[in-house]
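One structure is given here, and the rest of the page talks about it.
Here, each number is a calculation from the coordinates, and none is a lab measurement. Source: prediction; values computed, not measured. Because the Cβ atoms are built from the backbone with ideal geometry, glycine has one as well, and the counts that use them run over all protein chains shown.
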Amino acid sequence: MTEARPLTPGIAVEEPAQETEINLYIASQWQLMWWRFRRHKLALIGGTVTLIIYLIALFVEFLAPTDPNAYSVRYTYAPPQRLHFIDRTDKGIRIHPYVYGYKVKVDKVALRRTFVIDKTKKYPVRFFVKGTPYKLWGLIEMKTHLIGPVDPEAPMYLLGADRMGRDMLSRMIYGTRVSMSIGLVGVALSLILGILLGGISGYYGGSIDTLIQRIIEFLRSIPTIPLWLGLGAALPPNWPPLRVYFGITVILSLIGWTGLARVVRGRFLSLREEDFVLAARLDGSSELRIILRHMVPSFLSHIIASITLSIPSMILSETALSFLGLGLRPPVVSWGVLLQEAQNVRSVATAPWLLIPGIAVVVAVLALNFLGDGLRDAADPYA
Amino acid sequence: MANQDQDILLEVKGLKTYFFLDEGTVKAVDGVDFEIRRQQTLCIVGESGCGKSVTARSILQIVDPPGRIVEGEILYHRRNGNTTEVLNLAAMDPRGQEIRAVRGKEISMIFQEPMTSLSPVHTIGNQIMEAILLHMPVSKNEARDTAIDMLRRVGIPKPESRINDYPFQLSGGMRQRAMIAMALVCRPSLLIADEPTTALDVTTQAQILDLMLELQEEMGMAIMLITHDLGVVAEMADDVVVMYLGHAVERGDVDSIFHDPKHPYTRALLRSIPKVGLKARERLDSIRGMVPDPYHRPAGCPFHTRCDEAIPGVCDRIVPPRIPLGDGREVRCLLYTEEYAGER
Amino acid sequence: MADDLITRDEEVLLEVRDLKMHFPIRRGLLRRVIGYVKAVDGVNLFIRKGETLGLVGESGCGKTTTGRCILRAYDPTGGQILYRQKDGQIVDLSQLDGKALKPYRREIRMIFQDPYSSLNPRMTLLDIVGEPLRVNKIASGKELEDRVAALLRRVGLRPEYMRRYPHAFSGGERQRIGIARALALDPRLVVADEAVSALDVSVRAQILNLLQDLQQEFDLTYLFIAHDLSVVEYISDRVAVMYVGKLVELADTEELYINPKHPYTEALLSAVPKPDPRLRTRKHRIVLQGEVADPAHPPSGCYFHPRCPYARERCAKEEPQLRDIGGGHYVACHYAEELSLRGVIGEGIVAQ
């Protein structure tokens, strides 16, 4: 209803107000929210980062240089390489991306194998290179990767390699998909439960309300970590990874819906008393129309804000569960699963790059929190 | 007004209080002048958004940020025996020691909604005693006695037991009385009352207004009453300031304001109120249009957009100066300048 | 009040008989009912076609509840709401519900007090004013726009504002939007609940004038609920005074203001501040003692007796009934004929 349709013809505007003013007057709640949100710099940054992370999650196969499960015994715990662009050769300076190779050096005292960068070996790297074939979203057959070595056999570990010589960068990119989507799917599930039960609670009130509120209080009073541990341990170990994945989301949203249900109930209760809802009833609107047309638009924005704020806790929960070995299990790759590798001190000491997925978790959670804060502040542009 | 200097308690000169918001600067008070005489009642009357509350808050330096006083003087004449000391409240630091010594002790304030100034988690007795102990060198027991005495004087029945009540246990009228008790317990020389009866019913309003007059007679403080209700003004005021969009458009004694209003706004306002006893079904004279919103103040005289007597090309250009009319009366309207008197 | 006035008098549009609205007070885990707030406790009144009946009283006296019962926003717990349809048939609205009420929702409309909360901030004027037309399937599309435009024009707003949202308007303009919404279905009875109380003085006069113009133009009947006696006097033909859920007095406006018969009406009139400094009423003012009774625990006998300066023994024991003391002047006081009470005449001059 916001696009400027031509005004009723035949009526001259007496005193044309300034254009910006008119824009404000005909601005819908979403426009007003955007104008308010725009002023919140941190939230804008958070929103951009969130968007980038989800874009990464969407195009993992293309972005990851190799298959996350491709291993190489030759390069276990290989340290991160730097990507170089300026190539000084005998024939002069050439500008193209390349990485140096590795050279194994044995520490005589500790008798430990360590990798050093071997400047004599140069492996050219190319953007949009043809590499391991994959199916984008399981549909489109493709070979092109954003970046990769020209020679598929050449070692390229920009973020290092793990215990089995797998490329951490590829694994992290693949982990993004699982970790970020588990938040979304979990929230979607909580959303359905939360809106349904919160809505019933707030709209009907009375004893149904009391019952639902007691259930929520009960669920919230259970300490979450032991509950997850219990439920996570209860998942049959022979389940296929995909089913485990859904099992985990169900467990997470079992707790997650309570917060959302409270928000919805509170909004319903306060809106029920608003004069404009009474006005709609006196207009002769049906109950369904009152809810859908008059009440829901008033708290949709609040719900979006609280959803955004509940995704990070889902991500953290998944990470925690997987880290403890009770959530997702290899071969599924998530940030939590990757961090599991960094569980013992020795491997962290020798290969600190294994902790990089932790940084990804922190960045994603912070970005979503900032975005959610901004949305919450902008959620009620009429306050 | 003979012996003027002795008489004056507070002078406000060219007060300007602006709010600096992201959307622009709101000139809530834009040049207001008046004085309050000792033991007299000054009413500031105006519609919502005219700046009457901000004026009152400016006096005590309790304007909420991003608002602040940008110009003007607020001269408080403090009496020490026979000498009078003049303090400029506008120049004081809002969080400083000086203004805090004035606040609550020499000038106190009551609000429309008592719950804004009464804490819900302390008994009214504790809050009144706190006010006493803050400003006067007395013991706790003496403070308690004073508080009980004060509650009795504002007409709260059984004050010995009521003193232990929390504000939510009192009715609206009783809360307002408790707030008045708290405001007057240090015997201020000026009580600022910001719409003290707006939230109350007429019969309770009558009780509270009567109480204020009684206490004024008894304790001799001046009252600055902020209201939009011309009936309350007529009942209470000695002097009146009429405000419109941050300007004090007219001031004078109450009889001349009601019976010989000068400014077109005052005249229109008086015509637009239905009066009890007026022959029913006469059409009311209304003021056309709406109060402009504070971001879009009209240029020139702020009232010209709604004024029937506005001179085109003049009133929308020239900000009217203050024009003294004698007997302490003043009007801000170009029709009273020599140049444009002919247009009247 | 006489039995079934509405059946005898063709001119009566609505008669409320012994209307009761008791709200249960619930406590505890099981939400047991421990008592009732008797918000409306036996109200009798009638409204004639084309007139304005003012309903005054202090906050909590039940005037808003009475209005909402008539609108059937509440389900009254007792009594009748007799309404004369266009064809002369009389129907008891208190007995209807759901679908059966729908035709009457079109004929009895409401104007709200708060111009901010009564308009959905997320809907444009077109949607707000057009909603009743849309819901009742009266108009849609281009025709809806034309009708909304006409309504907006009629209440003094520019039709091209219909794409704007309420936040673009000031309090007075919003109240005009609310009036346009009430008028959208060609109502016969409009319940205006404190319709001008939230407005500034200068804007209030505009809205009062508008309401009067619309009444003449569309032959409307108003139930005008307000606490401001000067506004009620200005707009009403007859005035009803409520105290703690009951009607204490009902009479023609002039009669009631000049010659009140109930001590509460007298006190109310005397408490109104008169906008004329020459008439400072402090010396003559009757200042009521004490507070309005609690509708959950009303006093015995006449609810007003604990505060009444003229109360006698009988007042504490026996509840006075609303009765006609002649000339359509109804009053609920045992001693209405004996008391000589002061009203107001002329420009607020206190009669002796």
Practice task
Convert each backbone phi in the range B:109-116 into a coupling constant with the Karplus relation 6.51 cos²θ - 1.76 cosθ + 1.60 (shift: θ = phi - 60°), then list the ³J(HN,Hα) values in order as whole Hz, x for Gly and Pro.
Solution key: 9, 10, 10, 4, 9, x, 5, 6
Handout entry: Mean separation of Cα contacts under 8 Å, 6 or more apart, over the residue count of chain A: relative contact order %
Key = 21 percent
Handout entry: For chain C: relative contact order, % (alpha-carbon pairs under 8 angstrom, 6 or more apart)
Key = 18 percent
Exercise for the section: Please give the net charge around A:ASP380, taking every other residue with its beta carbon less than 11 angstrom from that of A:ASP380, where Lys and Arg add +1 and Asp and Glu add -1. Expected result: +3
Completion exercise
Under the Karplus relation with 6.51, -1.76 and 1.60 and θ = phi - 60°, whole-Hz ³J(HN,Hα) for the range C:322-327, x at Gly and Pro, equal 6, 9, 7, 9, x, x
Fill in the blank from the handout: Highest mean packing first, using Cβ neighbours within 10 angstrom, the peptides A:261-269, C:243-251, C:200-208, A:62-70 sort as C:243-251, C:200-208, A:261-269, A:62-70
Practice task
Take every residue in peptide C:233-245, count the Cβ atoms of other chains within 10 Å of its Cβ, and give the average of those counts.
Solution key: 2
Problem - Distance between the range B:49-103 and the range C:140-196 - C-alpha centres, whole angstrom - result: 45 Å
Fill in the blank from the handout: Among C:LYS49/C:LYS137; A:LYS91/A:LYS143; B:LYS105/B:LYS262, the pairs whose Cα-Cα distance exceeds 30 Å are A:LYS91/A:LYS143; B:LYS105/B:LYS262
Completion exercise
Taking the dipole of the protein assembly as shown about the Cα centre (Lys, Arg +1; Asp, Glu -1; charges at Cβ), the one of B:VAL26, A:PRO241, B:GLN112 that reaches farthest to the positive side is A:PRO241
Fill in the blank from the handout: Rounded to the nearest 10, the angle in degrees between the Cα long axis of helix A:356-378 and the longest principal axis of the Cα atoms of chain A comes to 20 degrees
Handout entry: Around A:ILE216: net Lys/Arg minus Asp/Glu count, Cβ-Cβ under 14 Å
Key = +2
Completion exercise
By the Cα gyration tensor axes a ≥ b ≥ c (a/c under 1.5 gives rounded; else a/b larger than b/c gives prolate, otherwise oblate), the shape of the range A:81-156 is oblate
Handout entry: Magnitude of the charge dipole, the range B:61-121, Cβ model with Lys/Arg +1 and Asp/Glu -1, debye to 20
Key = 200 debye
Practice task
Take every Cα-Cα distance within chain C, group them into 20 Å bins from 0 onward, and report for each bin the whole-number percent of pairs it holds.
Solution key: 28, 56, 16, 0
Practice task
Using only atoms on other chains, find how many Cβ atoms lie within 10 Å of each Cβ of peptide C:181-191 and report the average.
Solution key: 1
Handout entry: For the range B:209-275 versus the range B:145-171, the gap between their alpha-carbon centres in whole angstrom
Key = 31 Å
Exercise for the section: Please tell me the relative contact order of the range B:195-286 in percent, rounded to the nearest whole number, where contacts are Cα pairs under 8 Å and at least six residues apart. Expected result: 16 percent
Handout entry: Computed [θ] at 222 nm, helices only, for chain A once each DSSP H run of length n ≥ 4 contributes -39500 (n - 2.57)
Key = -18000 deg cm²/dmol
Fill in the blank from the handout: If each part is reduced to its alpha-carbon centroid, the range C:267-336 and the range C:5-43 end up apart, in Å, by 22 Å
Completion exercise
Expected integer from the mean partner chain Cβ neighbour count at 10 Å over C:121-128 is 6
Completion exercise
With +1 on the Cβ of every Lys and Arg and -1 on the Cβ of every Asp and Glu, the dipole magnitude of the range C:260-352 about its Cα centre, in debye rounded to the nearest 20, is 480 debye
Exercise for the section: Specify the longest stretch of chain A that does not include any exposed loop site, a site being one of the GluC sites (Glu not before Pro) with a non-H, G, I, E, B DSSP assignment and at most 16 other Cβ atoms within 10 Å. Expected result: A:15-152
Completion exercise
When the charge dipole of the range C:260-352 is computed with +1 at the Cβ of Lys and Arg and -1 at the Cβ of Asp and Glu, the Cα pointing farthest to the positive end, of C:PRO275, C:HIS329, C:TYR264, is that of C:PRO275
Problem - Dipole moment magnitude, nearest 20 debye, the protein assembly as shown about Cα centre, only Lys, Arg, Asp, Glu C-beta charged - result: 5920 debye
Handout entry: Cα lying deepest toward the dipole's positive end in the range A:81-156, options A:ILE117, A:MET156, A:GLN81, charges on Cβ
Key = A:ILE117
Handout entry: Packing-based ranking, highest mean first, of B:315-325, A:87-97, B:179-189 given that Cβ atoms within 10 Å are counted
Key = B:179-189, B:315-325, A:87-97
